[in-house]
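Contents: one structure, followed by commentary.
The values are calculated or read from the model by the stated rules, or taken from the named source; none is laboratory data. Only a predicted model underlies this, so the values are computations on that prediction, with no experimental measurement involved. A quick note on method: Cβ atoms are made from the backbone with ideal geometry, for glycine too, and the neighbour counts reach across all protein chains shown. Quick note on the areas: whole protein, heavy atoms, side chains included, nothing else; ligands and nucleic acids left out. Shrake-Rupley method; radii C 1.70, N 1.55, O 1.52, S 1.80 Å.
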Amino acid sequence: MSDTKTIKVALAGRSYDVRVGPGLLGRLGVECAGLLRKATIPVITDANVAALYRDRVDTALAVVGKQARWLVLPAGEQTKDWAHLAQVIDFLLAEGVDRGDHIVALGGGVIGDLTGFAASVLKRGCGFVQVPTTLLAQVDSSVGGKTAINVPMGKNLVGAFHQPALVLADTDVLGTLPPRELRAGYAEVVKYGLIDDPDFFAWCEANGPALLAGDEGARIEAVSRSVAAKARVVAQDERETTGTRALLNLGHTFGHALEAETGYSSALLHGEGVAIGMVLAARYSVRRGLMQLAEADRIAAHFKACAMRAEVKDLGLSCDGRRLADHMLHDKKMDAGTLPFLLMRGIGHTFLAKDVAIDDVAAFLDDELARP
Ligand SMILES: NC(=O)c1ccc[n+]([C@@H]2O[C@H](COP(=O)([O-])OP(=O)(O)OC[C@H]3O[C@@H](n4cnc5c(N)ncnc54)[C@H](O)[C@@H]3O)[C@@H](O)[C@H]2O)c1
Ligand SMILES: O=C(O)C(=O)C[C@@H](O)[C@H](O)[C@H](O)COP(=O)(O)O
Ligand SMILES: [Zn+2]
(Lines give C-alpha, C1' and ligand atoms only; values in the text may rest on other atoms or scores of the structure.)
(Ligands and ions follow the chains in the order given, each with its own letter.)
Protein backbone atom coordinates (compact mmCIF):
# COMPACT_ATOMS: atom_id res chain seq x y z
CA MET A 1 0.00 0.00 0.00
CA SER A 2 1.40 3.39 -0.94
CA ASP A 3 0.62 5.09 2.39
CA THR A 4 2.52 2.48 4.39
CA LYS A 5 6.13 3.30 5.28
CA THR A 6 8.56 0.43 5.80
CA ILE A 7 11.60 0.77 8.04
CA LYS A 8 14.08 -2.06 8.23
CA VAL A 9 15.76 -3.08 11.48
CA ALA A 10 19.04 -4.39 10.10
CA LEU A 11 20.47 -7.20 12.22
CA ALA A 12 22.67 -10.01 10.94
CA GLY A 13 20.38 -12.97 10.29
CA ARG A 14 17.45 -11.42 12.16
CA SER A 15 16.51 -8.34 10.12
CA TYR A 16 12.84 -7.43 10.02
CA ASP A 17 10.50 -4.75 8.76
CA VAL A 18 8.50 -2.26 10.77
CA ARG A 19 5.45 -1.24 8.72
CA VAL A 20 3.83 2.06 9.70
CA GLY A 21 0.60 3.55 8.40
CA PRO A 22 -3.19 3.53 8.48
CA GLY A 23 -5.28 0.40 7.95
CA LEU A 24 -2.61 -2.19 8.73
CA LEU A 25 -4.72 -4.04 11.30
CA GLY A 26 -7.31 -4.81 8.64
CA ARG A 27 -4.54 -6.33 6.53
CA LEU A 28 -2.98 -8.33 9.38
CA GLY A 29 -3.53 -11.70 7.73
CA VAL A 30 -2.20 -10.60 4.37
CA GLU A 31 0.82 -8.81 5.89
CA CYS A 32 1.74 -11.85 8.00
CA ALA A 33 0.75 -14.54 5.54
CA GLY A 34 4.32 -15.73 4.94
CA LEU A 35 4.85 -16.25 8.68
CA LEU A 36 1.64 -18.10 9.54
CA ARG A 37 1.95 -21.86 8.90
CA LYS A 38 -1.02 -23.26 10.81
CA ALA A 39 -4.76 -22.70 10.63
CA THR A 40 -4.93 -21.25 14.15
CA ILE A 41 -2.87 -18.26 15.34
CA PRO A 42 -2.39 -17.43 19.06
CA VAL A 43 -3.09 -13.76 19.70
CA ILE A 44 -2.22 -12.30 23.12
CA THR A 45 -3.88 -9.03 24.04
CA ASP A 46 -5.46 -7.13 26.92
CA ALA A 47 -9.13 -6.59 27.73
CA ASN A 48 -9.30 -2.99 26.48
CA VAL A 49 -7.71 -3.82 23.14
CA ALA A 50 -9.81 -6.97 22.72
CA ALA A 51 -13.00 -4.98 23.23
CA LEU A 52 -12.00 -2.58 20.46
CA TYR A 53 -10.16 -4.69 17.90
CA ARG A 54 -10.93 -8.40 18.32
CA ASP A 55 -13.49 -8.46 15.51
CA ARG A 56 -11.19 -6.61 13.12
CA VAL A 57 -8.38 -9.09 13.77
CA ASP A 58 -10.70 -12.10 13.40
CA THR A 59 -11.84 -10.77 10.04
CA ALA A 60 -8.31 -9.92 8.88
CA LEU A 61 -7.11 -13.43 9.67
CA ALA A 62 -10.17 -15.05 8.11
CA VAL A 63 -9.24 -13.38 4.80
CA VAL A 64 -6.23 -15.72 4.60
CA GLY A 65 -8.09 -18.72 6.03
CA LYS A 66 -6.72 -18.40 9.57
CA GLN A 67 -8.47 -18.36 12.93
CA ALA A 68 -7.27 -16.37 15.93
CA ARG A 69 -6.98 -18.19 19.26
CA TRP A 70 -7.31 -15.46 21.90
CA LEU A 71 -5.70 -15.01 25.28
CA VAL A 72 -7.11 -11.82 26.80
CA LEU A 73 -5.23 -10.52 29.87
CA PRO A 74 -6.05 -7.68 32.28
CA ALA A 75 -4.86 -4.26 31.08
CA GLY A 76 -2.09 -2.42 32.91
CA GLU A 77 1.52 -2.56 34.03
CA GLN A 78 0.80 -5.12 36.75
CA THR A 79 0.14 -7.74 34.07
CA LYS A 80 3.88 -7.72 33.25
CA ASP A 81 4.61 -10.23 36.02
CA TRP A 82 5.50 -13.87 36.73
CA ALA A 83 1.89 -15.01 37.08
CA HIS A 84 0.82 -13.69 33.68
CA LEU A 85 4.02 -14.94 32.08
CA ALA A 86 3.11 -18.42 33.31
CA GLN A 87 -0.43 -17.97 31.99
CA VAL A 88 0.85 -16.99 28.53
CA ILE A 89 3.26 -19.92 28.40
CA ASP A 90 0.64 -22.45 29.54
CA PHE A 91 -1.71 -21.09 26.88
CA LEU A 92 0.91 -21.36 24.12
CA LEU A 93 1.80 -24.91 25.16
CA ALA A 94 -1.87 -25.88 25.18
CA GLU A 95 -2.18 -24.38 21.70
CA GLY A 96 0.65 -26.64 20.53
CA VAL A 97 2.91 -23.81 19.37
CA ASP A 98 6.12 -25.08 17.78
CA ARG A 99 9.45 -23.25 17.54
CA GLY A 100 8.82 -22.39 13.90
CA ASP A 101 5.43 -20.81 14.62
CA HIS A 102 4.70 -17.12 15.13
CA ILE A 103 2.42 -15.76 17.80
CA VAL A 104 0.88 -12.28 17.75
CA ALA A 105 1.29 -9.61 20.46
CA LEU A 106 -1.60 -7.17 19.98
CA GLY A 107 -1.49 -4.23 22.37
CA GLY A 108 0.72 -1.75 24.16
CA GLY A 109 4.17 -2.19 25.64
CA VAL A 110 2.87 -4.38 28.46
CA ILE A 111 1.50 -7.01 26.10
CA GLY A 112 4.51 -6.67 23.75
CA ASP A 113 7.11 -7.06 26.52
CA LEU A 114 5.26 -9.97 28.16
CA THR A 115 4.46 -11.86 24.96
CA GLY A 116 7.93 -11.27 23.54
CA PHE A 117 9.48 -12.69 26.70
CA ALA A 118 7.17 -15.71 26.59
CA ALA A 119 8.15 -16.24 22.94
CA SER A 120 11.84 -16.05 23.87
CA VAL A 121 11.58 -18.95 26.33
CA LEU A 122 8.83 -21.10 24.79
CA LYS A 123 10.63 -24.25 23.67
CA ARG A 124 13.80 -22.05 23.84
CA GLY A 125 12.32 -19.58 21.42
CA CYS A 126 9.45 -19.28 18.97
CA GLY A 127 8.61 -16.47 16.56
CA PHE A 128 6.39 -13.48 17.25
CA VAL A 129 4.84 -10.53 15.49
CA GLN A 130 4.40 -7.20 17.26
CA VAL A 131 1.16 -5.38 16.52
CA PRO A 132 1.58 -2.29 18.71
CA THR A 133 -1.60 -0.36 19.50
CA THR A 134 -0.31 2.47 21.73
CA LEU A 135 1.84 5.40 20.65
CA LEU A 136 4.49 4.22 23.09
CA ALA A 137 4.53 0.72 21.64
CA GLN A 138 4.59 1.98 18.05
CA VAL A 139 7.51 4.37 18.58
CA ASP A 140 9.54 2.31 21.01
CA SER A 141 8.65 -0.97 22.72
CA SER A 142 7.69 -3.03 19.66
CA VAL A 143 11.05 -2.35 18.02
CA GLY A 144 14.45 -3.64 19.10
CA GLY A 145 13.73 -6.90 20.87
CA LYS A 146 13.90 -5.91 24.55
CA THR A 147 11.35 -8.12 26.34
CA ALA A 148 10.80 -8.39 30.08
CA ILE A 149 8.60 -8.64 33.13
CA ASN A 150 8.79 -6.66 36.37
CA VAL A 151 9.61 -8.37 39.69
CA PRO A 152 9.27 -7.02 43.24
CA MET A 153 12.93 -5.91 43.19
CA GLY A 154 12.46 -3.71 40.13
CA LYS A 155 11.44 -2.90 36.61
CA ASN A 156 12.18 -5.22 33.67
CA LEU A 157 14.66 -7.21 35.77
CA VAL A 158 13.79 -10.56 34.16
CA GLY A 159 13.81 -10.64 30.38
CA ALA A 160 15.60 -11.43 27.16
CA PHE A 161 16.62 -9.90 23.87
CA HIS A 162 14.31 -11.56 21.35
CA GLN A 163 13.54 -9.82 18.07
CA PRO A 164 10.10 -9.97 16.44
CA ALA A 165 9.80 -11.23 12.87
CA LEU A 166 7.63 -8.26 11.85
CA VAL A 167 6.12 -5.13 13.40
CA LEU A 168 2.80 -3.74 12.12
CA ALA A 169 2.03 -0.27 13.48
CA ASP A 170 -1.47 0.75 12.37
CA THR A 171 -1.65 4.47 13.11
CA ASP A 172 -5.47 4.44 12.88
CA VAL A 173 -5.74 2.62 16.21
CA LEU A 174 -4.18 5.60 17.99
CA GLY A 175 -7.57 7.24 17.50
CA THR A 176 -9.07 5.22 20.36
CA LEU A 177 -6.17 5.69 22.77
CA PRO A 178 -7.05 7.69 25.92
CA PRO A 179 -5.38 11.14 25.87
CA ARG A 180 -3.33 10.33 28.96
CA GLU A 181 -1.85 7.23 27.27
CA LEU A 182 -1.15 9.22 24.13
CA ARG A 183 0.80 11.80 26.14
CA ALA A 184 2.75 9.09 27.98
CA GLY A 185 3.82 7.60 24.65
CA TYR A 186 4.70 11.04 23.34
CA ALA A 187 7.46 11.28 25.96
CA GLU A 188 9.34 8.50 24.16
CA VAL A 189 8.94 10.41 20.87
CA VAL A 190 10.52 13.52 22.39
CA LYS A 191 13.30 11.29 23.74
CA TYR A 192 14.68 10.69 20.23
CA GLY A 193 15.06 14.44 19.71
CA LEU A 194 16.77 14.87 23.04
CA ILE A 195 19.20 12.01 22.43
CA ASP A 196 20.81 13.11 19.19
CA ASP A 197 18.42 15.01 16.92
CA PRO A 198 17.83 18.67 17.90
CA ASP A 199 15.89 19.25 14.67
CA PHE A 200 13.44 16.53 15.68
CA PHE A 201 13.03 18.15 19.10
CA ALA A 202 12.20 21.41 17.32
CA TRP A 203 9.73 19.44 15.13
CA CYS A 204 8.13 18.16 18.35
CA GLU A 205 7.82 21.69 19.72
CA ALA A 206 6.09 22.75 16.49
CA ASN A 207 3.94 19.64 15.94
CA GLY A 208 3.52 17.87 19.30
CA PRO A 209 0.30 19.65 20.31
CA ALA A 210 -1.29 18.88 16.89
CA LEU A 211 -0.16 15.25 17.11
CA LEU A 212 -1.77 14.93 20.53
CA ALA A 213 -4.94 16.62 19.26
CA GLY A 214 -5.34 14.02 16.50
CA ASP A 215 -3.37 15.22 13.46
CA GLU A 216 -2.92 12.03 11.44
CA GLY A 217 0.01 13.28 9.36
CA ALA A 218 1.89 14.35 12.49
CA ARG A 219 1.26 10.94 14.07
CA ILE A 220 2.56 9.05 11.04
CA GLU A 221 5.64 11.26 10.82
CA ALA A 222 6.36 10.94 14.56
CA VAL A 223 6.00 7.15 14.49
CA SER A 224 8.11 6.65 11.38
CA ARG A 225 10.89 9.07 12.44
CA SER A 226 10.99 7.52 15.91
CA VAL A 227 11.13 3.97 14.56
CA ALA A 228 13.90 4.96 12.13
CA ALA A 229 15.88 6.50 15.00
CA LYS A 230 15.45 3.42 17.18
CA ALA A 231 16.26 1.05 14.30
CA ARG A 232 19.57 2.89 13.70
CA VAL A 233 20.58 2.55 17.34
CA VAL A 234 19.52 -1.10 17.66
CA ALA A 235 21.38 -2.03 14.44
CA GLN A 236 24.56 -0.59 15.97
CA ASP A 237 24.28 -2.13 19.44
CA GLU A 238 21.56 -4.77 19.61
CA ARG A 239 22.36 -5.98 23.13
CA GLU A 240 23.40 -2.72 24.78
CA THR A 241 27.04 -3.70 25.05
CA THR A 242 28.86 -0.69 23.55
CA GLY A 243 26.95 2.14 25.25
CA THR A 244 25.12 3.23 22.08
CA ARG A 245 21.83 1.50 22.91
CA ALA A 246 22.05 2.79 26.48
CA LEU A 247 21.24 6.23 25.01
CA LEU A 248 17.66 4.97 24.60
CA ASN A 249 17.55 4.86 28.40
CA LEU A 250 17.62 8.67 28.68
CA GLY A 251 15.39 9.62 31.62
CA HIS A 252 14.77 6.00 32.55
CA THR A 253 17.04 5.68 35.58
CA PHE A 254 15.03 8.44 37.23
CA GLY A 255 11.77 7.28 35.62
CA HIS A 256 12.05 3.65 36.69
CA ALA A 257 12.81 4.77 40.26
CA LEU A 258 9.63 6.85 40.22
CA GLU A 259 7.65 3.92 38.81
CA ALA A 260 8.99 1.68 41.58
CA GLU A 261 8.13 4.27 44.23
CA THR A 262 4.56 4.54 42.90
CA GLY A 263 4.18 0.75 42.81
CA TYR A 264 3.99 0.34 38.98
CA SER A 265 0.47 1.67 39.32
CA SER A 266 -1.78 3.97 37.36
CA ALA A 267 -0.44 6.79 39.56
CA LEU A 268 2.45 7.06 37.11
CA LEU A 269 2.59 5.54 33.62
CA HIS A 270 5.95 4.50 32.19
CA GLY A 271 6.04 7.33 29.67
CA GLU A 272 5.03 9.85 32.34
CA GLY A 273 7.98 8.71 34.44
CA VAL A 274 10.26 9.03 31.41
CA ALA A 275 9.12 12.63 30.75
CA ILE A 276 9.83 13.67 34.34
CA GLY A 277 13.02 11.58 34.25
CA MET A 278 14.31 13.40 31.18
CA VAL A 279 13.67 16.78 32.82
CA LEU A 280 15.58 15.50 35.86
CA ALA A 281 18.45 14.26 33.67
CA ALA A 282 18.62 17.69 32.02
CA ARG A 283 18.54 19.56 35.35
CA TYR A 284 21.16 17.26 36.84
CA SER A 285 23.30 17.96 33.77
CA VAL A 286 22.88 21.70 34.45
CA ARG A 287 23.89 21.16 38.09
CA ARG A 288 27.10 19.52 36.87
CA GLY A 289 27.86 22.46 34.56
CA LEU A 290 27.30 20.42 31.40
CA MET A 291 24.21 22.12 29.99
CA GLN A 292 22.64 25.59 29.95
CA LEU A 293 19.69 26.09 32.30
CA ALA A 294 17.69 27.60 29.42
CA GLU A 295 17.89 24.29 27.54
CA ALA A 296 16.60 22.28 30.51
CA ASP A 297 13.82 24.84 30.94
CA ARG A 298 12.94 24.43 27.24
CA ILE A 299 12.39 20.68 27.74
CA ALA A 300 10.18 21.14 30.80
CA ALA A 301 8.28 23.93 29.02
CA HIS A 302 7.54 21.67 26.05
CA PHE A 303 6.04 18.95 28.24
CA LYS A 304 3.98 21.52 30.10
CA ALA A 305 2.78 22.99 26.78
CA CYS A 306 1.54 19.48 25.98
CA ALA A 307 -0.37 19.31 29.30
CA MET A 308 2.12 16.78 30.70
CA ARG A 309 3.64 16.62 34.15
CA ALA A 310 7.29 17.66 34.11
CA GLU A 311 8.11 18.10 37.79
CA VAL A 312 8.84 15.33 40.28
CA LYS A 313 7.23 17.43 43.00
CA ASP A 314 3.91 17.14 41.06
CA LEU A 315 3.78 13.46 42.04
CA GLY A 316 3.21 14.28 45.70
CA LEU A 317 5.71 11.67 46.88
CA SER A 318 6.40 11.39 50.58
CA CYS A 319 9.87 9.86 50.15
CA ASP A 320 13.27 11.56 50.07
CA GLY A 321 15.99 11.57 47.41
CA ARG A 322 17.91 8.76 49.11
CA ARG A 323 14.96 6.41 48.80
CA LEU A 324 14.63 7.14 45.06
CA ALA A 325 18.39 6.71 44.62
CA ASP A 326 18.16 3.33 46.37
CA HIS A 327 15.66 2.15 43.72
CA MET A 328 18.26 3.07 41.10
CA LEU A 329 20.72 0.55 42.48
CA HIS A 330 18.64 -2.16 40.74
CA ASP A 331 19.10 -0.51 37.35
CA LYS A 332 20.40 -2.93 34.73
CA LYS A 333 23.13 -0.47 33.75
CA MET A 334 24.80 -1.02 37.16
CA ASP A 335 28.38 -2.02 36.55
CA ALA A 336 30.60 -3.25 39.39
CA GLY A 337 29.16 -0.85 41.94
CA THR A 338 28.82 2.22 39.71
CA LEU A 339 25.74 3.40 37.88
CA PRO A 340 26.35 4.89 34.43
CA PHE A 341 23.94 7.81 33.86
CA LEU A 342 22.55 9.37 30.69
CA LEU A 343 23.42 13.08 30.89
CA MET A 344 23.19 15.90 28.37
CA ARG A 345 25.53 18.55 27.00
CA GLY A 346 22.50 20.15 25.35
CA ILE A 347 19.32 19.20 23.51
CA GLY A 348 20.33 16.44 21.08
CA HIS A 349 23.64 15.81 22.83
CA THR A 350 23.09 12.94 25.27
CA PHE A 351 26.00 10.84 26.50
CA LEU A 352 26.70 8.07 28.99
CA ALA A 353 28.52 9.39 32.06
CA LYS A 354 30.40 6.93 34.23
CA ASP A 355 31.47 9.27 37.02
CA VAL A 356 28.17 9.99 38.74
CA ALA A 357 28.10 9.48 42.52
CA ILE A 358 24.75 8.12 43.69
CA ASP A 359 24.95 10.27 46.87
CA ASP A 360 25.10 13.37 44.70
CA VAL A 361 22.02 12.19 42.77
CA ALA A 362 20.18 11.66 46.08
CA ALA A 363 21.05 15.22 47.19
CA PHE A 364 19.94 16.59 43.80
CA LEU A 365 16.62 14.75 44.14
CA ASP A 366 16.08 16.19 47.61
CA ASP A 367 16.40 19.65 46.04
CA GLU A 368 13.98 18.74 43.23
CA LEU A 369 11.42 17.28 45.65
CA ALA A 370 11.59 20.52 47.66
CA ARG A 371 11.27 22.82 44.63
CA PRO A 372 8.70 25.58 45.28
N1 LIG B 1 10.68 -3.18 25.23
C2 LIG B 1 10.97 -1.90 25.12
O3 LIG B 1 11.89 -1.51 24.41
C4 LIG B 1 10.10 -0.90 25.84
C5 LIG B 1 10.19 0.44 25.48
C6 LIG B 1 9.36 1.35 26.15
C7 LIG B 1 8.46 0.90 27.11
N8 LIG B 1 8.41 -0.43 27.39
C9 LIG B 1 7.42 -0.91 28.35
O10 LIG B 1 6.13 -0.68 27.81
C11 LIG B 1 5.18 -0.62 28.88
C12 LIG B 1 4.26 0.55 28.68
O13 LIG B 1 3.58 0.38 27.45
P14 LIG B 1 2.26 1.22 27.10
O15 LIG B 1 2.47 2.63 27.48
O16 LIG B 1 1.90 0.88 25.73
O17 LIG B 1 1.21 0.67 28.17
P18 LIG B 1 0.07 -0.48 28.11
O19 LIG B 1 0.49 -1.63 27.32
O20 LIG B 1 -0.34 -0.67 29.52
O21 LIG B 1 -1.11 0.25 27.32
C22 LIG B 1 -1.65 1.41 27.86
C23 LIG B 1 -3.19 1.35 27.98
O24 LIG B 1 -3.76 1.59 26.71
C25 LIG B 1 -4.72 0.58 26.39
N26 LIG B 1 -4.72 0.49 24.94
C27 LIG B 1 -3.77 -0.07 24.17
N28 LIG B 1 -4.02 0.19 22.87
C29 LIG B 1 -5.18 0.90 22.83
C30 LIG B 1 -5.92 1.49 21.78
N31 LIG B 1 -5.51 1.46 20.51
N32 LIG B 1 -7.07 2.13 22.10
C33 LIG B 1 -7.47 2.23 23.39
N34 LIG B 1 -6.77 1.73 24.43
C35 LIG B 1 -5.63 1.08 24.14
C36 LIG B 1 -4.28 -0.62 27.14
O37 LIG B 1 -5.33 -1.51 27.37
C38 LIG B 1 -3.75 0.01 28.43
O39 LIG B 1 -4.82 0.24 29.32
C40 LIG B 1 5.99 -0.51 30.15
O41 LIG B 1 5.97 -1.75 30.81
C42 LIG B 1 7.38 -0.19 29.66
O43 LIG B 1 8.37 -0.66 30.54
C44 LIG B 1 9.21 -1.32 26.79
O1 LIG C 1 15.03 -0.22 23.74
C2 LIG C 1 15.78 0.23 24.62
O3 LIG C 1 16.97 -0.09 24.70
C4 LIG C 1 15.26 1.17 25.64
O5 LIG C 1 15.94 1.48 26.59
C6 LIG C 1 13.88 1.70 25.43
C7 LIG C 1 13.19 2.16 26.71
O8 LIG C 1 12.25 3.15 26.33
C9 LIG C 1 12.42 1.05 27.40
O10 LIG C 1 11.64 1.59 28.44
C11 LIG C 1 13.23 -0.11 27.89
O12 LIG C 1 12.40 -1.18 28.27
C13 LIG C 1 14.06 0.23 29.08
O14 LIG C 1 15.07 -0.70 29.14
P15 LIG C 1 15.70 -1.23 30.49
O16 LIG C 1 16.88 -2.01 29.99
O17 LIG C 1 16.07 -0.04 31.31
O18 LIG C 1 14.67 -2.07 31.15
ZN1 LIG D 1 10.87 3.59 27.95
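Counted residue by residue at 0.36 nm each, then reduced by the alpha carbon distance between them, the extension gain from residue 360 to residue 3 reaches 123.6 nm. Of all aspartates and glutamates in the structure, those lying under 18 Å Cα to Cα from residue 146, and not within fewer than 8 positions of it along the same chain, are 17, 77, 81, 113, 188, 237, 238, 240, 331. Determine which aspartates and glutamates satisfy two conditions relative to residue 38: a Cα distance under 14 Å, and not lying fewer than 8 residues away in the same chain. Qualifying aspartates and glutamates at Cα under 14 Å: 95, 98, 101. On a per residue basis, region 179-369 carries 38 Å² of accessible surface, using protein heavy atoms and a 1.4 Å probe. Legend: distances between Cα atoms for 66/191; 5/333; 191/354; pairs beyond 29 Å are 66/191; 5/333. Please work out the C-alpha center-to-center distance from region 68-89 to region 116-167 and express it in whole Å. That distance is 13 Å. Under a Cβ-Cβ cut-off of 15 Å, what is the net charge of the residues other than residue 58 that fall near it, where Lys and Arg count +1 and Asp and Glu count -1? Value of the local net charge: +4. Other residues lying with their Cβ under 13 Å from the Cβ of residue 84 contribute a combined charge of -4, Lys and Arg counting +1, Asp and Glu -1. The H on the amide N of residue 14, modeled in the peptide plane, is under 5 Å from the matching H of no residue at least 5 residues off or on a different chain.
Among residues other than residue 345 with Cβ under 12 Å from its Cβ, the summed charge is -1 (Lys and Arg +1, Asp and Glu -1). Sorting 246-252, 140-146 by their mean Cβ neighbour count within 10 Å, with the most densely packed peptide first, gives 140-146, 246-252. Note that the chain carries a Kirkwood radius of 20.7 Å, evaluated over its alpha carbons pair by pair. Taking amide H positions as modeled 1.01 Å from N, with prolines and chain starts lacking one, the residues under 5 Å from residue 46 and 5 or more places away or on another chain are 73.
Amide H contacts under 5 Å for residue 291: 286, restricted to partners 5 or more places along the chain or on a different chain, H placed in the peptide plane at 1.01 Å from N. Each peptide in 84-90, 181-187, 20-26 gets a packing score, the mean of other Cβ atoms within 10 Å over its residues, and the list from highest to lowest is 181-187, 20-26, 84-90. Projecting the alpha carbon convex hull of region 5-176 along each direction and taking the average yields 8.9 nm². Leaving out ligands, DNA and RNA, and with a 1.4 Å probe, what % of the accessible surface on the chain is carbon or sulfur? Ligands and nucleic acids excluded, carbon and sulfur reach 51 percent.
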